[in-house]
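Novice: Can you keep this structure in mind? I'll have questions shortly.
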Amino acid sequence: MNAATTPPAPARTSDRDPGRAGPLTGTGTLLRFALRRDRVRLPVWIVALVLGTSTTAGSFPDLYATAEARQSARQANSSPAALAMSGPEHFLSDYTYGAMLAHQMLGFTGVLVALFSILTVTRHTRAEEETGRAELVRSAAVGRYAPLAAALSTAVLANVVLALGLAVALGGAGIPDIGWGGSLLYGSAHAAVGVVFAAVAAVTAQITPHTRGASGMAFAVLGLAYILRAAGDVGTDALSWLSPIGWAQRTYVYVDDRWWPLLLCLAAAVAATVLAVRLAARRDLGAGLRPARGGPARAGAALAHPVGFAWRLHRGLLFGFAVALFVLGVAYGSVLGDAEEMVADVAALEDALAALGGASVAESFAAMVMIVLAVVAAVYAVLAAARPRAEETGRRAEPLLATALSRRRWMGSHLAVALLGSTAVMALSGLGFGALGAATTGDAVLVPELTAAALAYAPALWVTVGVAAVLYGWLPRATALAWALPLGAFVVDYLGPILRLPEWTTRLSPFGHVPRLPAESVAWTPLIVLTLVAAALLAVGLAGFRRRDLEMT
């Protein structure tokens, strides 16, 4: 444990007060330490969300320059499938640039804000207990609820900064119909969603003794909230009022600018925080309220093999992404039949689709959307390839490597699951995309076509795993830099054609070298080259891991 991960010990009780430490003693010190630990992580999230939102908003005056283009966008977003993916129909009553931004982006970016809020809280609560650092901290004059309070305060501060950043970026952009008052509400709506799910994560962190379990339970609540929001926007409106995302959208920012729905978010966050505190009082440090499930007396034959053991560690993450990507593919497939109407009179989208050269608008639209599915699959690839880092720093790799198990086999087993898993989730996304696309267009050929189009991205996903392997093998503290690949792919490969970025920027990403099926014909040379590059990167990563010491942080 080094200085970067060891918190400064709060002053002893005898130095300040001869009495016993209060329940929140040391909260300020732990908050400063959490902010120091996340001095890169949180700014990256915030800057990415602010830049992504402001870039999207800034593109609207060019994308929808005419009244006809805005009317086409309104009609395209009025179908049930489009409403389920975006937001409530009330935004369409006055489809200004501000209403477009809130309708099309608030639900999506709200999910991203919820994700980083959940990860922030579980990182500073359950992960600290799981690694044993919380026990060291609590041995000083630190109150029982100080770590939880510090984690929630970190998430709240990050969301407040995000809200201000969105307000300043949008309000000062000079975009018609996007003023300062609406922009402040827009940022506050995001912060409100983030604070609610930070409190939800505080609750789930008390239930399970494992960080991934706590995050997974909170993600499940987030998924349920999104489903309720989507179902309510299409059918019974009451369902949307059961979702924090629905509350944020029902501020009708840039249309009615209603602040009061955010009071529901505040009430839910307070209630969840109170529940988390009560649950924390009922458990021991390091334990969860839900007891660990007993396993069989003897392990199965698969667990005796490195790949089988790695599969056991990865299967929860893999199943989650498999379901999520299949559902995402189904969602995009449901609007494939309306693709021509969605892009009508939108010059930038028409030009971007025309550049793909598809035989039909549906094929070109499918090729453009496929990169979004590939980016999500790349997120899984990075998470899976980075799992050895968590095993190493959690001191679970050392006992295994002390046996006859070689470093190459141990790391290689995790990389094998990452390679096969990323391919599988991408194939499932294409299958869901093709199945619903065939249903909406009446073209059954789309099922094999879009499944094959999804599999064409497998070599690019393998390169992503290879980059993460090189970073972990040689520069383990820089493993997080692998996130540049999915982020860059989204910016240059998906937004690039819409924003008319130079064509050479797409070649900076491995995903830019993949043929855009089904709009283009298969080109085997780039796929073979990407595969060879991935193999070389994996070999370099394995070689680096064999030559360095294990880190115990």
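The values are calculated or read from the model by the stated rules, or taken from the named source; none is laboratory data. What you see is a predicted model, and the numbers here were worked out from it, not measured in a lab. Here Cβ is always computed from backbone atoms with ideal geometry, including for glycine, and neighbour counts include all displayed protein chains. For accessibility, only protein heavy atoms count, side chains too; no ligands or nucleic acids. Shrake-Rupley method; radii C 1.70, N 1.55, O 1.52, S 1.80 Å.
Novice: Are any residues in region 385-409 part of a helix (DSSP H, G or I) and out of contact with any Phe, Trp or Tyr (no Cβ under 9 Å at 6 or more places or on another chain), and if so, which ones?
Specialist: Filtering region 385-409 for residues part of a helix (DSSP H, G or I) gives 385, 387-393, 397-401, 407-409.
Arg387, Ala390, Thr393, Glu398, Pro399, Arg409, listed by residue number.
Novice: Within region 202-235, which residues are surrounded by fewer than 21 Cβ atoms within 10 Å (Cβ to Cβ) and small (Gly, Ala, Ser)?
Specialist: Residues satisfying the conditions are Gly213, Gly216, Ala220, Gly223, Ala231, Gly235.
Novice: Quick check: anything in region 525-534 farther than 30 Å from Pro61 by Cβ, in a loop (DSSP other than H, G, I, E, B) and open to solvent by 10 Å² or more (accessible area, probe 1.4 Å)?
Specialist: First, pick out the residues of region 525-534 that are farther than 30 Å from Pro61 by Cβ: 525-534.
Add one more test, that the residue is in a loop (DSSP other than H, G, I, E, B), and what stays is none.
No - not one qualifying residue is present in region 525-534.
Novice: Same structure, new question: Just wondering, is there one or more residues in region 236-243 that are among the aromatic types (Phe, Trp, Tyr) and either touching a residue at least 40 places away in the same chain (Cβ under 8 Å) or surrounded by 18 or more Cβ atoms within 10 Å (Cβ to Cβ) (or both)? Outline the logic, then answer.
Specialist: First, the residues of region 236-243 that are among the aromatic types (Phe, Trp, Tyr): 241.
Now drop any that are not either touching a residue at least 40 places away in the same chain (Cβ under 8 Å) or surrounded by 18 or more Cβ atoms within 10 Å (Cβ to Cβ) (or both), which leaves none.
The answer is no; no qualifying residue exists.
Novice: Suppose we filter Phe545, Phe511 for residues that are in a helix (DSSP H, G or I), closer than 24 Å to Ala362 by Cβ, hydrophobic (A, V, I, L, M, F, W, C) and touching a residue at least 40 places away in the same chain (Cβ under 8 Å); which single one remains? Steps first, answer last, please.
Specialist: Working: Phe545 fails: closer than 24 Å to Ala362 by Cβ.
Going through Phe545, Phe511 in turn, the sole match is Phe511.
Novice: If the requirement is being among the polar types (S, T, N, Q), modelled with pLDDT of 85 or more and open to solvent by 40 Å² or more (accessible area, probe 1.4 Å), which of these qualifies: Thr55, Thr29? Working first, answer last.
Specialist: Working: Thr29 fails: open to solvent by 40 Å² or more (accessible area, probe 1.4 Å).
Answer to the check: Thr55.
Novice: Continuing with the same structure: Kindly check whether there is at least one residue in region 86-98 that is out of contact with any strand residue (DSSP E or B) (no Cβ under 7 Å at 6 or more places or on another chain), closer than 27 Å to Ala205 by Cα and among the hydrophobic types (A, V, I, L, M, F, W, C).
Specialist: Start the filter on region 86-98 by keeping residues that are out of contact with any strand residue (DSSP E or B) (no Cβ under 7 Å at 6 or more places or on another chain), which leaves 86-98.
Filter again for closer than 27 Å to Ala205 by Cα, leaving none.
No, region 86-98 contains no residue that is out of contact with any strand residue (DSSP E or B) (no Cβ under 7 Å at 6 or more places or on another chain), closer than 27 Å to Ala205 by Cα and among the hydrophobic types (A, V, I, L, M, F, W, C).
Novice: Conditions first: (1) touching a residue at least 40 places away in the same chain (Cβ under 8 Å); (2) small (Gly, Ala, Ser); (3) under 30 Å from Ala280 (Cα atoms). Ser139 passes all but one, so which condition is the exception?
Specialist: Ser139 satisfies every listed condition except (1).
Novice: Another question, if that's okay. Output yes when any residue across region 329-337 is touching an Asp or Glu at 6+ places or on another chain (Cβ under 9 Å), at pLDDT 85 or above and not acidic (Asp, Glu), and no when none is. Quick ask: steps written out before the conclusion?
Specialist: Within region 329-337, the first condition is being touching an Asp or Glu at 6+ places or on another chain (Cβ under 9 Å), and the residues that meet it are none.
No, the conditions are met nowhere in region 329-337.
Novice: Show me the helices (runs of 4 or more DSSP H) found entirely inside region 122-201 where at least 2 residues are open to solvent by less than 10 Å² (accessible area, probe 1.4 Å). Lay out the reasoning, then the answer.
Specialist: Working: elements: 126-131, 133-138, 146-171.
Here the list reads 146-171.
Novice: All but one of (1) small (Gly, Ala, Ser); (2) touching a Cys at 6+ places or on another chain (Cβ under 7 Å); (3) modelled with pLDDT under 90 hold for Ala127; state the number of the condition that does not hold.
Specialist: Here Ala127 clears every test but (2).
Novice: Ok, one more. Taking only region 249-277 into account, find how many residues are open to solvent by 70 Å² or more (accessible area, probe 1.4 Å) and under 21 Å from Val137 (Cα atoms).
Specialist: Final tally of qualifying residues: 0.
Novice: Further question on the same structure: Looking at region 67-78, is at least one residue part of a helix (DSSP H, G or I), closer than 17 Å to Gly171 by Cβ, out of contact with any His (no Cβ under 8 Å at 6 or more places or on another chain) and open to solvent by 10 Å² or more (accessible area, probe 1.4 Å)? Break it down stepwise before answering.
Specialist: At the first step, the residues of region 67-78 found to be part of a helix (DSSP H, G or I) are 67-76.
Checking the rest, the ones that are also closer than 17 Å to Gly171 by Cβ come to none.
No.
Novice: Still on this structure: Of all residues being modelled with pLDDT of 85 or more and not in a helix (DSSP H, G or I) in region 32-52, which is surrounded by the most Cβ atoms within 10 Å (Cβ to Cβ)? Just the residue, please.
Specialist: Asp38
Novice: Which numbered condition in (1) in contact with a helix residue (DSSP H, G or I) (Cβ under 6 Å, 6 or more places away or on another chain); (2) surrounded by fewer than 18 Cβ atoms within 10 Å (Cβ to Cβ); (3) touching a residue at least 60 places away in the same chain (Cβ under 8 Å) is the only one that Ala478 fails?
Specialist: Result: Ala478 fails condition (3) only.
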